[in-house]
Every structure is written in structure tokens, then in C-alpha cells.
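The structure under discussion appears below in the form of C-alpha cells.
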């Protein structure tokens, strides 16, 4: 728990939620308890679920870069780093986020 507190004091985090149909990501500032940016693949119609997750990660990364956020830590919760979670992270990395 102490590591989590130290990390959140330094950086904002990307929290991921995955439902059966969609994936959601948000950048959260834990010290202020505010969501800064959010993105999902709900409105995307083209591609399979992996491609849509990658595009949502890119969208989140681009919005973060526009606000001056470059370094985050990736909070995948209880999800394995596989499939849509991995695609979302790769999309965010491609957009320029470091984690």
C-alpha cells in the first residue's frame, strides 16, 4: 500500500475498466481525487474489440498530451495484461504516454 501511495504522489494514473462490450480508461489525479481525462470505445463502430481498444488508448493518450501529461502509472486492476487491456496500453504508449 505504501508503494501505491508513493507512486500516486508522483504521477497520475490510468485506471481501466473492461466490460463484455466496451473498454473505458480514465486518467485520475489521486491527490486531488479528480478524473482529468476519460476515453472509451463506445462510439467507435469500425474494427474488432482489440482495434477499438487500441484506438481508445490513443485517444486518451492524445488528450493527455494536449493537457501536458506525459508520465502516468498504469492501473489495470484485476485484469491480466492481455487482449484489450494490452491494446489499450499500447495505444496510449503510441500516443506518447510513458508508463
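Rule-based calculations on the coordinates, nothing more; no lab input. This one's a predicted model, so the numbers in the text were calculated from it and none came from an experiment. Counting neighbours? That spans all protein chains shown, and the Cβs are built from the backbone with ideal geometry, glycine included.
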Length gain on complete extension for the stretch residue 51 to residue 17, per 0.36 nm per residue less the alpha carbon to alpha carbon distance?
10.6 nm
Treat the count of other C-beta atoms within 10 Å as a stand-in for reagent exposure and order 99, 54, 88 from fewest to most.
99, 54, 88
Rounded to the nearest 500, the 222 nm mean residue ellipticity computed for the chain from DSSP H runs (n ≥ 4, each -39500 (n - 2.57)) alone is -12000 deg cm²/dmol
Nearest 10 degrees is fine. How inclined is helix 49-66 to the longest principal axis of the chain, computing both from alpha carbons?
40 degrees
Can you grab the distance from the C-alpha centre of the range 77-98 to the C-alpha centre of the range 19-73, Å, no decimals?
10 Å
Just for the range 2-94, what percent of DSSP beta bridges are antiparallel, to the closest 5?
75 percent
Please report the orientation-averaged projected area of the range 2-94, defined via the convex hull of its C-alpha atoms, in nm².
6.0 nm²
From fewest to most C-beta neighbours within 10 Å, the residues 40, 31 line up as 31, 40
